[in-house]
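What follows is a single structure, written as structure tokens, with notes after it.
The values are calculated or read from the model by the stated rules, or taken from the named source; none is laboratory data. No experiment lies behind these values; they were computed from the predicted model shown. Virtual Cβ from ideal backbone geometry, glycine too; neighbours counted across all protein chains shown. Keep in mind that these areas ignore ligands, DNA and RNA; they rest on the heavy atoms of the full protein, side chains included. Shrake-Rupley method; radii C 1.70, N 1.55, O 1.52, S 1.80 Å.
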Amino acid sequence: MHIDRRAFLASMGGAVALETMSSEARADALEHYLIDQLDQTAVASPEQANATPQRPYRRGVGTLFVLHGSVDAPSPVKKLEPMPPRPTLLDFFKLRFAPANHVLQSAGRAMKTGMSEETILACLLHDLVLSLIKPDHGWWGAQLIEPYVSERVSWAIRYHQALRFYPDTAVGYEYPEMYYRIFGKDYEPPPYVEAAYKFARNHKWYMNARLITVNDLYSFDPNARVSIEPFVDIIGRHFKQPKEGLGYDNSPVAHMWRTIEYPDQPL
Ligand SMILES: [Fe+2]
Ligand SMILES: [Fe+2]
């Protein structure tokens, strides 16, 4: 995917604002910018964004709540369709996460290259939580799905965030070229990210998290046609859909699903 460096900087509030962010936050911002570019058509021009470099909310707010692509001349958020009773993961894909281009492309790449069903599922779920919140999305994202998937899948999602910054040429994962261009050559992950990487690198499930990053980087194709349909069977086999519906099973994460279902609740 072509990255318009000026548009990206403008969406961050300009180069000066970008410099005040930590490298980790900047890398996250880039990933989220790319996802937004894929998922939204209403994007402010660089001129619009430059005109008002301040924004009325924090950058980490989820995409359900704010259209990040048009931050400085905000478009109205979409009117949301009500969800059916006892909503399933598929209902959330269709009614809250759509178009979900980024995760569908990631999972599609994993499927095309013959990866395991657990890896395909991990790719499908790895960035869903960006609808809710963006900082530390690996940790939040793992928590969101933890009760419903194998421990290995949620573990992989937790650590993909840190692994993005560390190459593993044995599986063809190189440090992203675009990170050099956007952030310069001097990037050093903060200690907590480095510690998470070191822990994950020596873990028996390392490759599960690594494969998310392998599929992640090549999955920004704005022309790809995506659909949840190829993944329905895998979800059926590996995602333990609660019979009460996501949000209503009294699990420790039910409130997170309810917030995604009802992002317009005032309290
Ligand atoms: Fe991610
Ligand atoms: Fe991603």
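Among the residues of the stretch 87-97, the ones that are more than 15 Å from ligand 2 (Cβ to nearest atom) and buried (at least 20 other Cβ atoms within 10 Å of the Cβ) come to 5 in all. Take the stretch 204-225 and flag every residue that is out of contact with any Gly (no Cβ under 8 Å at 6 or more places or on another chain), at pLDDT 80 or above and surrounded by 13 or more Cβ atoms within 10 Å (Cβ to Cβ). Correct list: W205, Y206, M207, N208, A209, R210, L211, I212, T213, N215, D216. For the stretch 128-162, residues that are within 15 Å of the chain's Cα centre (by Cα), charged (D, E, K, R) and open to solvent by 10 Å² or more (accessible area, probe 1.4 Å) total 2. Would it be correct to say that V232 is of a type outside the set (D, E, K, R), more than 16 Å from ligand 1 (Cβ to nearest atom) and surrounded by fewer than 14 Cβ atoms within 10 Å (Cβ to Cβ)? Answer is yes for this residue. Confirm whether K198 is at pLDDT 95 or above and open to solvent by 70 Å² or more (accessible area, probe 1.4 Å). Yes, satisfied.
The single residue among Y180, Y192, Y166, Y175 that is closer than 18 Å to L30 by Cα, more than 19 Å from the chain's Cα centre (by Cα) and either outside any helix (DSSP H, G or I) or away from ligand 2 (no atom under 14 Å from the Cβ) (or both) turns out to be Y180. Looking across the stretch 98-124, just one residue is in a helix (DSSP H, G or I), open to solvent by 10 Å² or more (accessible area, probe 1.4 Å) and closer than 24 Å to A254 by Cβ, and that is E118. From the set of residues in the stretch 65-86 that are closer than 30 Å to Q241 by Cβ and modelled with pLDDT under 75, which is surrounded by the fewest Cβ atoms within 10 Å (Cβ to Cβ)? If we take residues in the stretch 65-86 being closer than 30 Å to Q241 by Cβ and modelled with pLDDT under 75, then L67 is surrounded by the fewest Cβ atoms within 10 Å (Cβ to Cβ).
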